[in-house]
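Data first, discussion second: the structure below is written as structure tokens.
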Amino acid sequence: MNPCPVWSAHPLLRTPTLVLGDFLARALTRASGGGRFRILEVGAGTGGTTRHIVGRLGSLGIPFEYTFSDLSASLVGAARRQFRDRGADNGTMVFRVLDVEQPPAPEDTAAYHVVLATNCIHATRNLAVSLRNLRRMLRDDGALALIEITQNMFWLDVVVGLLEGWWLFEDGREHALVDERHWARVMKAAGFAAVEWSDGESPESKTVRVIGAFPTAAEATSNSSDAVTTSTHGGGMVVGSTSRTEKPTSSDKAVVETVVYTTVGGQDIHADVYWPVGPGSDLPDPSTSSSPQRAKPIALMIHGGSHIIFSRKDIRPAQTRLLLAKGFVPVSIDHRLCPEVPLAEGAMVDVCTALAWARETLPGLHTPSRPAGLEIDGTRVVVVGWSSGGQLALSLNWTAPARGLAPPAAVLAFYAPTDYEDLWWRAPIQPDGARDTGQEYDVLEAVQDAPLTNYGVVGAWEPLSDPRILTDPRCRIVLHINWKAQTLPVIVNGLPSRAKADADADAHPGTDWNAAPQPPLERVRAVSPRAHITRGTYAPVPTFLVHGTADDLIPWQQSRGTYDALVARGVPAGLALVEGAPHICDLSSNPESEGWKAALRGYDFITKQIIAIDIVDRQLALAEELGATYTVDSATIQGSVVDEIERLADGRGQSLLLTRPEWRLS
């Protein structure tokens, strides 16, 4: 029932919509059952909440059926036209007229997993009646989520007091708006067992709230699959929960714990460790047809963001669950961002330190959240990176050996910049949805005096669709490097803060930081994966690349050229091109999505490399037992093992492990 789009875009009301989106994303990505979530929005009006929620759930690959409803047939008709192209990948949309003050129809009874409404229910005659009707529409394992103003702002009486709904109440209220405790009382009287609401220190957070009501109260037991549980020391959260009607599986559940993996210049840099919960799923054991509990390999995950924004939280939940199900311990890391620190001196150093920490410290790290008996194998580490994080993942294949560290066992890079010598970077780029309109700005405005390790003003799922990408000074750096062909100067050389630039103006007379000079070629090559592959300084680490062919930010031809260079160097490699897909081509987890199929190919590839290492380890043990010498080169280990891996995956046992002539005892 929003009177106009400006209403939903107001920061005071936009923020709780983002909170609601986070709540639903966090809850629904933890489901391990099958089927679609049925979501009903009541009083959806002009679609401000709809647009954000549908986009957010779709970007996370959550399967859903979203019912847009309103009392006004004209608003429903307008929404049908507005959203006719939305939800086609992971979800479907239904449009209907609905009066929440009337008893629900039989087909609506206990039909929905989630019912939500934004500034709607207060505009009904009787809160108790409306809430009872909503309760009847919910399944017993569902949730009601309302955005409501809980403190009156007197200008509202002037602005919306002309609307009939503002004065409809006939239930003893003194005003249309009531506080959160009033909502809690009425909700519980309407049949909800538990009520919670958002809160914060700011006046705004106490003015507009997200209020959640639940038909059943969460059970305070350690084995509850439905609860989101924070560990007693404040660092852990159970993820991977399932709907109550589905039998939970433990293979993709984890307790998330935030730890410090390094400290640089007094600044702690953090990692989120996804400790597996329950027996889980394990990689096939090369020595037996069964799969007993074994030390788990590690998967480092590196977020994207043009090396400038985002954080360890901006990874793919569905892919994290996939890693858990495949038997990995996922670890998502922060790192120092550009441009406060140049790429080679900051982020590339940090991710290499993270690899050393994963190998040497994580296996023996005992914290309150780590499950008892969990064994971790620091010799088996794969790395997954998205966009700029893909470049960082690939960089480990030359930075780790340079530090005397073993490189990763395998790397999976999604739509990564792999060739910084490409002339693409020296010409302006116009991102779809955020083209250069000639606005004036100072690129140094958002550069800090001290390094940043995370920045999360806009979401990583569809950042260019967020209007703040154009107004937030830090996000504008990302647009700037595209608009003005400044990617290489900004990430390779870095930028000073405005205060530092002014203080050091004599050293850089006449410098236009909005048009910095391109860095020397050798500095560019030092951070370019393709250059290291060509030079032979890239370790022969199995590498898989995924890229969409409609990427407007990084040409897919870079991944194709890098794949060809890997093959030419004899490095085991894989490539999946997603036809017609944009830059972020892996958002969907719909089994029919081409992006998800490509992601699965990549994860199968890196999993097979870990199994290959297991095979070789077993063979070495057997050779030692027989007093023999085991010889095989790295290319043979990775390249000739595919048939054996497939047989192992089928559980056919050890008898097939000595069938390759390249694996010989001598």
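Observations, loosely collected:
- If you plug the beta carbon distance of Leu374 and Thr537 into 1/(1 + (r/R0)^6) with R0 = 51 Å, you get a FRET efficiency near 0.90.
- Contour excess over end-to-end distance, with Cα ends at Leu365 and Glu440 and 0.36 nm allotted per residue: 22.0 nm
- Net length gained if the chain between Arg136 and Trp167 were fully extended (0.36 nm per residue, minus Cα distance): 8.6 nm
- With a Förster radius of 41 Å applied to the beta-carbon distance between Leu521 and Leu600, the computed FRET efficiency rounds to 0.60.
- Estimated inter-spin distance, Asp512 and Thr549, nm [label 7 Å along Cα→Cβ]: 3.9 nm
- Classified by the C-alpha gyration tensor, the range 405-451 has an oblate form. Its axis ratio a/c, with a ≥ b ≥ c, is 1.5 or above, and a/b does not exceed b/c.
- Cross-link table Lys313/Lys484; Lys253/Lys296; Lys313/Lys500; Lys188/Lys313, entries beyond 24 Å C-alpha to C-alpha: Lys313/Lys484; Lys313/Lys500; Lys188/Lys313
- Theoretical gain in end-to-end length, Glu174 to Arg36 [0.36 nm per residue, Cα-Cα removed]: 45.6 nm
- Across the range 286-439, the mean sequence separation of Cα contacts (distance under 8 Å, 6 or more residues apart), normalised by length, yields a relative contact order of 25 percent.
Values in this text are rule-based calculations from the coordinates and carry no lab data. Small disclaimer: the values here were computed from a predicted structure and weren't measured. Backbone-built Cβ (ideal geometry, glycine too); neighbour counts: all protein chains shown.
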